[in-house]
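J.: I have a structure I would like to understand better, so I am pasting it below and will then ask my questions one at a time.
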Amino acid sequence: MDRWAGRVALVTGASKGMGEAIARSLVKNGMVVVGCARHVEGMQKAATGLEGEKGRLIPMKCDLTKTEEIESMFQKIKEQLGGVDVCVNNAGVNFYQDCKTGPLSDTKTLYDVNVFAVITVSQLTIQSIQERNRDDGHIINISSVCGSTVHADVPCHMYTPTKQALNAFTEGLRHELRKEKTKIRTTVISPALVDTPLVRGLFDASFFCPEYSLQPDDVAAAVTFALSAPPCVNVRHICLHAIHDSL
Ligand SMILES: NC(=O)c1ccc[n+]([C@@H]2O[C@H](COP(=O)([O-])OP(=O)(O)OC[C@H]3O[C@@H](n4cnc5c(N)ncnc54)[C@H](OP(=O)(O)O)[C@@H]3O)[C@@H](O)[C@H]2O)c1
């Protein structure tokens, strides 16, 4: 991770769950981490707790359903820190809903956060890297095992297509960046169940069991694994399961 020390990472959805774990881990590895979410209080506490580490955490308030808020966050990062070298598109929402009856307003929020914000943040990160003539960068997108399989028994069939769109978008981006011979890498990380506020709020004990779940730090470790690969290696996709989960 040494080559990323002092470089700027944007982690979306850093106020809790795996985004918080990813942000902490990147700070400990020396990165300057901008954590964004709608609620900044928790991130401010985390930033104070991380004082004295090699890097630092800078909380920024941003509602990712609003493109103008994403653009003004990038502007602020440009003015304060120069730009974004690495983005981890982690923020995501999920609702307990099925294809037959899922209300369109929830579906719209799913796509706004899980797909459209990821596209905007990825594009603005690439723009930021290229306008500074940096030679490298990394787009890391947090997907799900639902990104490649439609599970019969996972009770969120409207969430699944958003993660499949994210996977397809990231793969398209990889091809374009590769053809242009840039050194900007893309990685999709697809976890099965992770013990976070999201799953605890969504699923009951019939579906979610902490013993058969990953921890947020497991996903953070996958992020540092992808980042610390040699510059000529692109870790394209990481799929993570707790050892005994049944997904
Ligand atoms: N947990 C799992 O089992 C699991 C499995 C596979 C994939 N995933 C994916 O992993 C990612 C993280 O999930 P998690 O379980 O850590 O979720 P979480 O605990 O609910 O955290 C979600 C994060 O996203 C932020 N967020 C939500 N809506 C936002 C918005 N409109 N604008 C800005 N930030 C927003 C939240 O912050 P605020 O509320 O403060 O805005 C929070 O920081 C998601 O993409 C999820 O789909 C999760």
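J.: Just to be sure before I move on: is GLU53 surrounded by fewer than 16 Cβ atoms within 10 Å (Cβ to Cβ) and touching a Lys or Arg at 6+ places or on another chain (Cβ under 6 Å) in the structure I sent?
T.: Yes: the conditions hold for GLU53.
J.: Scan the range 172-190 for residues that are under 21 Å from LEU240 (Cβ atoms) and either outside any helix (DSSP H, G or I) or without any contact (Cβ under 8 Å) to a residue 60 or more places away in the chain (or both) and jot them down.
T.: Across the range 172-190, the qualifying residues are ARG185, THR186, THR187, VAL188, ILE189, SER190.
J.: A follow-up question, please. Could you please find all residues in the range 134-150 being assigned to a helix (DSSP H, G or I) and among the basic types (Lys, Arg)? Even if it seems obvious, please write down each step before you answer.
T.: Going through the range 134-150, the residues assigned to a helix (DSSP H, G or I) turn out to be 145-147.
Once the filter is applied, which keeps residues that are assigned to a helix (DSSP H, G or I) and among the basic types (Lys, Arg), the range 134-150 yields nothing.
J.: Right, here's the next one. For residues that are open to solvent by less than 10 Å² (accessible area, probe 1.4 Å) and in a helix (DSSP H, G or I), scanning just the range 151-162, find the one that is nearest to LYS100 (Cα to Cα).
T.: THR160
J.: Taking the options LYS16, LYS78, LYS45, LYS66, name whichever one is within 15 Å of the ligand (Cβ to nearest atom) and closer than 17 Å to LEU124 by Cβ.
T.: LYS66
J.: Criterion first (within 16 Å of the ligand (Cβ to nearest atom), part of a helix (DSSP H, G or I) and surrounded by fewer than 18 Cβ atoms within 10 Å (Cβ to Cβ)) does GLY201 satisfy it? Please lay out each step first, then the result.
T.: Values: within 16 Å of the ligand (Cβ to nearest atom): yes; part of a helix (DSSP H, G or I): yes; surrounded by fewer than 18 Cβ atoms within 10 Å (Cβ to Cβ): yes.
In short, yes.
J.: Taking ARG236 and the conditions (1) surrounded by fewer than 14 Cβ atoms within 10 Å (Cβ to Cβ); (2) without any contact (Cβ under 8 Å) to a residue 60 or more places away in the chain, which numbered condition does it fall short on, given that it satisfies the others?
T.: Going through (1) surrounded by fewer than 14 Cβ atoms within 10 Å (Cβ to Cβ); (2) without any contact (Cβ under 8 Å) to a residue 60 or more places away in the chain one by one, ARG236 breaks only (2).
J.: Then there's this: Here are some conditions: (1) hydrophobic (A, V, I, L, M, F, W, C); (2) assigned to a helix (DSSP H, G or I); (3) within 16 Å of the ligand (Cβ to nearest atom); (4) farther than 15 Å from ASN90 by Cα. VAL115 meets all but one. Which one does it not meet?
T.: Every listed condition holds for VAL115 apart from (4).
J.: Going by the structure shown, is ALA165 closer than 27 Å to LEU214 by Cβ and without any contact (Cβ under 8 Å) to a residue 60 or more places away in the chain? Quick ask: steps written out before the conclusion?
T.: Values: closer than 27 Å to LEU214 by Cβ: yes; without any contact (Cβ under 8 Å) to a residue 60 or more places away in the chain: yes.
Judged against the criteria, ALA165 is a match.
J.: Okay, moving on. Mind listing whichever residues of the range 124-133 are open to solvent by 90 Å² or more (accessible area, probe 1.4 Å) and more than 18 Å from VAL88 (Cα to Cα)?
T.: GLU131, ASN133
J.: While we're looking at this one, here's another question. Could you check the range 204-224 and list, in sequence order, the residues that are near the ligand (Cβ under 10 Å from one of its atoms) and assigned to a helix (DSSP H, G or I)?
T.: Here is the first cut: in the range 204-224, the residues near the ligand (Cβ under 10 Å from one of its atoms) are 208, 213-214, 216, 219.
Listed by number, the residues that qualify are PRO216, VAL219.
J.: So which residues in the range 1-20 are open to solvent by less than 10 Å² (accessible area, probe 1.4 Å) and under 19 Å from SER143 (Cα atoms), if there are any at all?
T.: Correct list: ALA9, LEU10, VAL11, THR12, ALA14, GLY19.
J.: Output yes when any residue across the range 211-230 is under 22 Å from ASN89 (Cα atoms) and either of a type in the set (Lys, Arg) or modelled with pLDDT under 90 (or both), and no when none is. Write out each step before concluding.
T.: Start the filter on the range 211-230 by keeping residues that are under 22 Å from ASN89 (Cα atoms), which leaves 213-230.
Next cut, either of a type in the set (Lys, Arg) or modelled with pLDDT under 90 (or both) only: none.
Checking the range 211-230: not a single residue is under 22 Å from ASN89 (Cα atoms) and either of a type in the set (Lys, Arg) or modelled with pLDDT under 90 (or both).
J.: While we're here: Given the options VAL188, VAL121, name the one that is over 18 Å from VAL235 (Cβ atoms) and open to solvent by less than 50 Å² (accessible area, probe 1.4 Å).
T.: VAL121
J.: So, one more: Could you tell me whether any residue of the range 75-90 is more than 20 Å from the chain's Cα centre (by Cα) and either in a loop (DSSP other than H, G, I, E, B) or modelled with pLDDT under 95 (or both)?
T.: The answer is yes; a qualifying residue exists.
J.: Could you list, ordered by first residue, the pairs with Cβ atoms under 8 Å in which the first is in the range 75-100 and more than 17 Å from ALA5 (Cβ to Cβ) and the second is among the charged types (D, E, K, R), at least 6 apart or interchain?
T.: Qualifying pairs under 8 Å: PHE95/ASP106; GLN97/ASP106.
The values are calculated or read from the model by the stated rules, or taken from the named source; none is laboratory data. All of these numbers come straight from a predicted model, not from anything done at the bench. Note: ideal-geometry Cβ built from the backbone for every residue, glycine included; neighbour counts use all protein chains shown. Note: accessible area is taken over every heavy atom of the protein model, side chains too, but ligands, DNA and RNA are not part of it. Shrake-Rupley method; radii C 1.70, N 1.55, O 1.52, S 1.80 Å.
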